[in-house]
Each structure stands twice: as structure tokens, then as C-alpha cells.
Amino acid sequence: LNESLDFYVKAFELRKNIHLENHPDIAISLNNIGNVYLSLNKPNDALNYYLKSFDMRKKFDFKPGENYSIASLLDNIGSCYFKIGEIERSLHYFFESYEIFEKLYKGEDSAILAEVLKNMGRAYFKLESFEESLEFLTRSHAILKRICDPTSEDLAAILYYLGRVHFKLSNNIK
């Protein structure tokens, strides 16, 4: 991953010199650097790059409320806030991401919708709002059952989270 980061940083620097100001390619480079930092479990660094990319994208995306890249970026920002313990803030970004993806997919099942719903369920779990957690995890599970292979890791993960929520609810443990 460090080698990826080196190349992404070089691309970013070159793109800054070529374009001199806000440009989609610069925003993409910032997002890519954020992705590497998130993979390296450095959410503060990732967040810094994601927020810069987001601010830049808002300036040139004509329909940010209908843009897959913006929705994905919002989910990534939410994931960073989740990892650094700002759970309520993460929920804000997860909800924004979900609203855009919902518009884009118009009721069709999608792995990314299931992922954002899972993220929302995990956030509510961290807040010890187990009923809300169950609601979002159940919705994610329903999508994954329809679109995933029965042996997929995504399906196994959602079943794990559902088990945790049911355990907490059945034992009234907070």
C-alpha cells in the first residue's frame, strides 16, 4: 500500500501543477490517497484527503445529489468518523450517502446500498440504539440475500452483526 500511496501522491502533485486549481482529476487523486490511508487504518489522514476531495467536487459537480462518486465519498467520510469514534457525525454522512444512492438505484438492490445500511446499523449499535441498529442491519441483510452468493463474506458479516444486535436485545445489555 505504501507504494500505491507514493504513486497517488506523485499523480496528485503532477495534477496540481497541470491544472493549477480545482479540477476533477485533482479531486480523484485526493480521494485515492484517502482510500490508501483508510486501508492503512489511518482514518484521520484519510478524512483529511476525503474532505478536501469533497470540497473540491462540490465546486464542479453540477448535480452532487445525484452523483455516485459524491455518495461514495460521503460513505468514506462517514467511515472515517466512525473509526475515530465520532459516531453521530458518521451517521450524518451515512444518511447523506444513502439518500443519493437510493435516488440513483431507484429501488433496485445494490451492494453499495447494503453496505451503507450496514454502516448505519453498526453506528447505531455503537450508540447502543439496538432497535435502530436492527432496522438498518435487517434491511441490509434483505438486499444481500437477494444479490449475494449464499457463501459470500458480505452475507457472513451482516449475519454476525445481526447476531450481536439480537444478543444485546435479548439480554437487555447496554
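Some notes on this structure:
- Taken over the range 21-42, the criterion of being assigned to a loop (DSSP other than H, G, I, E, B) and charged (D, E, K, R) is satisfied by GLU21, LYS42.
- Selection of the range 87-118 for residues being of a type in the set (Gly, Ala, Ser), open to solvent by less than 10 Å² (accessible area, probe 1.4 Å) and either touching a strand residue (DSSP E or B) at 6+ places or on another chain (Cβ under 9 Å) or in contact (Cβ under 8 Å) with a residue 40 or more places away in the chain (or both) yields only ALA114.
- Output for the range 157-174, where each listed residue is farther than 15 Å from ASN119 by Cα and either open to solvent by less than 70 Å² (accessible area, probe 1.4 Å) or in a helix (DSSP H, G or I) (or both): GLY163, HIS166, PHE167, LYS168, LEU169, SER170, ASN171, ILE173
- Answer residue from the range 61-81, given it is farther than 11 Å from SER97 by Cα and not in a helix (DSSP H, G or I) and is least open to solvent (accessible area, probe 1.4 Å) among those: ASP61
- Exactly one residue among SER152, SER133, SER129 is under 23 Å from PHE95 (Cβ atoms), open to solvent by less than 90 Å² (accessible area, probe 1.4 Å) and without any contact (Cβ under 8 Å) to a residue 12 or more places away in the chain, and that residue is SER129.
- Here the condition is being modelled with pLDDT under 90 and under 25 Å from PHE95 (Cα atoms); of LYS42, LYS58, it holds for LYS58 alone.
- Test result for ILE87, modelled with pLDDT of 95 or more and touching a Lys or Arg at 6+ places or on another chain (Cβ under 7 Å): yes
Residues checked against (1) under 28 Å from LEU104 (Cβ atoms); (2) within 21 Å of the chain's Cα centre (by Cα); (3) without any contact (Cβ under 8 Å) to a residue 60 or more places away in the chain:
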{"residue": "ALA11", "(1), (2), (3)": "yes, no, yes"}
{"residue": "LYS16", "(1), (2), (3)": "no, no, yes"}
{"residue": "ASP25", "(1), (2), (3)": "yes, yes, yes"}
{"residue": "SER29", "(1), (2), (3)": "yes, yes, yes"}
{"residue": "GLY34", "(1), (2), (3)": "yes, yes, yes"}
{"residue": "ASN48", "(1), (2), (3)": "yes, yes, yes"}
{"residue": "ARG57", "(1), (2), (3)": "yes, yes, yes"}
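- Conditions (1) part of a helix (DSSP H, G or I); (2) under 26 Å from TYR161 (Cα atoms): number failed by ASP45: (2)
- Meets criteria (within 26 Å of LEU159 (Cα to Cα), touching a helix residue (DSSP H, G or I) at 6+ places or on another chain (Cβ under 6 Å) and hydroxyl-bearing (Ser, Thr, Tyr)) for TYR49: no
The values are calculated or read from the model by the stated rules, or taken from the named source; none is laboratory data. What you are looking at is a predicted structure, and each value in this text was computed from that prediction instead of being measured. Glycine also receives a Cβ, built like all others from the backbone with ideal geometry; neighbour counts cover every protein chain displayed. These area figures cover heavy atoms from the full protein model, side chains too; ligands, DNA and RNA do not enter into them. Shrake-Rupley method; radii C 1.70, N 1.55, O 1.52, S 1.80 Å.
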